[in-house]
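See structure below.
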Amino acid sequence: MNYDLYLNRRAASVPPSGIRRFFDLAASRKDAISLGVGEPDFKTPYLFRDAAINSLVDGETQYTANRGLIELRQEIAFYLSNRYQISYTPEEEILVTIGASEAIDLALRALVSDGDEVLVPDPSYVSYAPCVVFAGGVAVPVRTTQENQFRLKAEDLEKAVTPRTKLLILPYPNNPTGAVMRKEDLEEIAEVISRHDLLVISDEIYSELVYGENGHTAFASIPGMYERTVTINGFSKAFAMTGWRVGYACGAKEIISVMNKIHQYSIMCAPRMGQIAAAAALRIGRENNYESVQIMRESYDRRRRLMVDAFRGMGLECFEPYGAFYAFPSIRKTGLSSEEFCSRLLQEKNVAAVPGTAFGPSGEGHIRCCYAIAVDKINIAMERIADFVSSFA
Amino acid sequence: MTKLETSLLEILREDCRIPLEKLSVMTGASLEEVAQAVEDLEKRKIILRYSPMINWDNTDRERVEAMIEVRVTPQRDMGFDAIARRIYRFDEVKSVYLMSGSYDLLVLVEARTLKELASFVSAKLSPLETVTGTATSFVLKRYKEEGVIFDSDDADHRLVISP
């Protein structure tokens, strides 16, 4: 049978994930040290797990409200207002989703109409552009560069705007680059957004993982941007809860209500057990000033310094990644492409890293290395990479 | 304690083999500052020694451990300190704690055989004049010590590569 005749053309047109091929390659090597992971190396703190265990013992196994447990939405409202000075009403402006991933998909499906252009900083997390296409839009990459610390520049954004542009995806702190946007950078972006009457989906899933003097600034807290922003966040990264699949979207009730409509017909609700653990994470955090998040952040920060220092020590340019848990060094001086570098590194040194190009063409010349792995493994991996790189000197 | 000292203790208690150069990178302090801070921690007897954590159960060494609850009569002017010192000087004794509750001292003892341990209690500990009673419990299995879990496989369940 020729299934091409049956498959949805839009869905079929999206190329397979660039990371997939590499995954198969890396998974086939048993003893490889993987810097390709994309999640914390901490387990979910036990108190959060315990809350979920108790709920199961007590038989709390039913659907929840489509928008999520109200206790969880109340905790989210408190958390966002307390941490980032943005306030949303739990009843109408917050939607609990299956990870931030679902929130991104819903926001795009709720906002994008056929032919709308969506600006996506490049390189970025792999799912934005495909989700734009699934929603019927056109993803327009906006190049970011190491020279600008992979920050989105207002002038580059300005150049990419056309009469068909509807919204911008703002993914900072950024995966894969580790870049963060300072408040002044966001203010410049806000001007362009206002001038062209655009909306913003601000994916702030790494908001708690920001290192150095300044903390994270929520885009919705920039004057004039609150009503133009769908804020997306979740529990995976900051609270080490990737497998629970709980995220959320916050924004104007008109947008959230359409997102909820799609969510209720396709998903019904996020799993109750995960929502209970997430509510416990925020409640306990509220009581102890997010102690577990702070402990994990400090641990990542130490390993971040170690990895960045090692890359610089082997003569690779590596800009200071102030967010997330990735370093994004340049491997240009080896003369290899990102793909070649990663394939050969895996084959010759048994170290897996992700080619920058998996996250968009602007990632060429870079590799993404996650430092959420044990210190001794970082040290061994860095020695092997140094060895590999020196063979090109 | 300074922030640097706290960070150093956090790092070293996980792995005390990390060299000063790496400690300097990880904390963002200069090599001199780190060296000075570690020396200070040692001088102030905050860091007492650098030793590995050993799971003897995975070796072929014969070994029994017991926790002994000891009731004693405190001595005038010395309280429990004098008797605690008498007890901790025995080589078999690994730890001694003064406890609140129904007994006074908790004594952790290690010996090669059950016989040796029994003889320690009956011949060395119990005869001490201020000891009024002991209750010995043997350690059957160690699950977790100093924050380290002994009986789990710590396999990394994460996807090797994920976006």
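Values in this text are rule-based calculations from the coordinates and carry no lab data. Model, not experiment: these values are computed from the prediction. A quick note on method: Cβ atoms are made from the backbone with ideal geometry, for glycine too, and the neighbour counts reach across all protein chains shown.
I need the phi-derived Karplus couplings for region B:68-74: 6.51 cos²θ - 1.76 cosθ + 1.60, θ = phi - 60°, integer Hz, Gly and Pro marked x.
10, 8, 10, 9, 9, 9, x
Could you work out the relative contact order of region B:56-140? I mean the mean sequence separation of Cα pairs under 8 Å and 6+ apart, divided by the number of residues, in percent.
43 percent
Report the net charge of residues surrounding A:LYS153, where surrounding means a beta-carbon distance below 11 angstrom and charges are Lys +1, Arg +1, Asp -1, Glu -1.
Once all neighbours under 11 Å are counted, the net charge is -3.
If you build a Gaussian network model of chain A, linking Cα atoms that sit under 10 Å apart, which residue out of A:ASP50, A:ASP376, A:ASP197 swings the most?
Greatest mean-square fluctuation among the candidates belongs to A:ASP376.
Can you tell me the relative contact order of chain B? Whole percent, Cα pairs under 8 Å, sequence separation 6 or more.
Rounded, it is 20 percent for chain B.
What percent do you get for the relative contact order of chain A when only Cα pairs under 8 Å and 6+ apart count?
Computed over chain A, the figure is 24 percent.
Rounded to two decimals, what is the ratio between the C-alpha radius of gyration of region B:56-140 and 2.2 N^0.38 Å?
Relative to the 2.2 N^0.38 Å estimate, region B:56-140 comes out at 1.10.
Shielding by partners for A:24-30, please: the mean number of other protein chain Cβ atoms within 10 Å of each residue's Cβ.
2
Express in whole angstrom the spacing between the alpha-carbon centres of region B:89-156 and region A:211-252.
Value for the Cα centre distance between the two parts: 51 Å.
Antiparallel as a % of all DSSP beta bridges within region A:58-288, to the nearest 5?
Within region A:58-288, antiparallel bridges account for around 30 percent of the total.
Tell me which residues come under 5 Å, amide H to amide H, from B:ILE47 once H is placed; ignore anything under 5 positions away on its chain.
Hits under the 5 Å cutoff: B:GLU42.
Could you run the Karplus curve 6.51 cos²θ - 1.76 cosθ + 1.60 with θ = phi - 60° over region B:85-90 and give me ³J(HN,Hα) per residue in whole Hz, x for Gly and Pro?
After applying 6.51 cos²θ - 1.76 cosθ + 1.60, I find 5, 4, 6, 6, 6, 5 Hz.
As an exercise, find the ratio Rg/Rh for region B:3-43 from alpha-carbon atoms, using the Kirkwood inverse-distance average for Rh.
Computed over Cα atoms, the ratio is 0.90.
Which three numbers, in whole Å and largest first, are the semi-axes of the equivalent ellipsoid of chain A derived from its Cα gyration tensor as √(5λ)?
32, 26, 22
Based on DSSP, what percent of beta bridges with both residues in the protein assembly as shown are antiparallel, to the nearest 5?
Once the DSSP bridges in the protein assembly as shown are tallied, antiparallel ones form about 65 percent.
To the nearest Å, what is the center-to-center distance of region A:132-183 and region B:6-67, using C-alpha atoms only?
Cα centroid of region A:132-183 versus Cα centroid of region B:6-67: 45 Å apart.
Would you mind checking the radius of gyration and Dmax of region A:94-147 based on alpha-carbon positions, in Å?
Rg and Dmax of region A:94-147, Cα atoms, are 11.9, 37 Å.
Which residues' amide hydrogens lie under 5 Å from the amide hydrogen of B:ASP104, considering only partners 5 or more residues apart or on another chain, with H built in the peptide plane?
HN-HN under 5 Å from B:ASP104: B:VAL70, B:ARG71, B:VAL72.
Can you give me the angle between helix B:31-43 and the longest principal axis of chain B, using Cα atoms only, in degrees from 0 to 90, rounded to the nearest 10?
The answer is roughly 10 degrees.
Take the Cα radius of gyration of region B:64-105 and divide it by 2.2 N^0.38 Å, with N its residue count; two decimals is plenty.
1.17
Could you grab the Rg to Rh ratio for region B:1-115? Cα atoms only, Kirkwood for Rh.
Computed over Cα atoms, the ratio is 1.11.
Would you mind getting me the FRET efficiency between B:VAL64 and A:ASP387? Use the beta-carbon distance for r and R0 = 35 Å, nearest 0.05.
0.15
Once you've got the Cα coordinates, tell me which of B:LYS94/B:LYS124; A:LYS159/A:LYS333; A:LYS153/A:LYS333 are over 19 Å apart.
A:LYS159/A:LYS333; A:LYS153/A:LYS333
Need one value for A:301-310: mean number of C-beta atoms belonging to other chains within 10 Å of its residues' C-beta atoms.
Average per residue, whole number: 4.
How tilted is helix B:3-14 with respect to the longest principal axis of chain B? Cα atoms for both, answer in degrees (0 to 90, nearest 10).
Roughly 70 degrees, rounded to the nearest 10.
Determine by what factor the alpha-carbon radius of gyration of region A:213-291 differs from 2.2 N^0.38 Å, reporting the quotient.
Cα Rg divided by the expected 2.2 N^0.38 Å: 1.26.
Which of the trypsin sites (Lys or Arg not before Pro) found in region A:319-393 are in a DSSP loop and have at most 15 neighbouring Cβ atoms, other than their own, within 10 Å?
Counting only loop positions with at most 15 other Cβ atoms within 10 Å, none of the trypsin sites (Lys or Arg not before Pro) in region A:319-393 qualifies.
If we count chymotrypsin sites (Phe, Trp or Tyr not before Pro) as exposed when they sit in a DSSP loop and have at most 16 other beta carbons within 10 Å, what is the longest stretch of chain A that avoids them all?
Maximal segment without exposed cleavage sites: A:64-391.
Which of the GluC sites (Glu not before Pro) found in region B:89-163 are in a DSSP loop and have at most 16 neighbouring Cβ atoms, other than their own, within 10 Å?
Sparse-neighbourhood loop GluC sites (Glu not before Pro): B:GLU129, B:GLU146.
Please report B:LYS43, A:LYS43 as a ranked list, fewest other C-beta atoms within 10 angstrom at the top and most at the bottom.
B:LYS43, A:LYS43
Hey, in the GNM for chain A with a 10 angstrom Cα cutoff, which one of A:THR162, A:THR217, A:THR334 fluctuates hardest?
A:THR162
What does the average come to when, for each residue of peptide B:25-32, you count the partner chain Cβ atoms lying within 10 Å of its Cβ?
Mean shielding count: 3.
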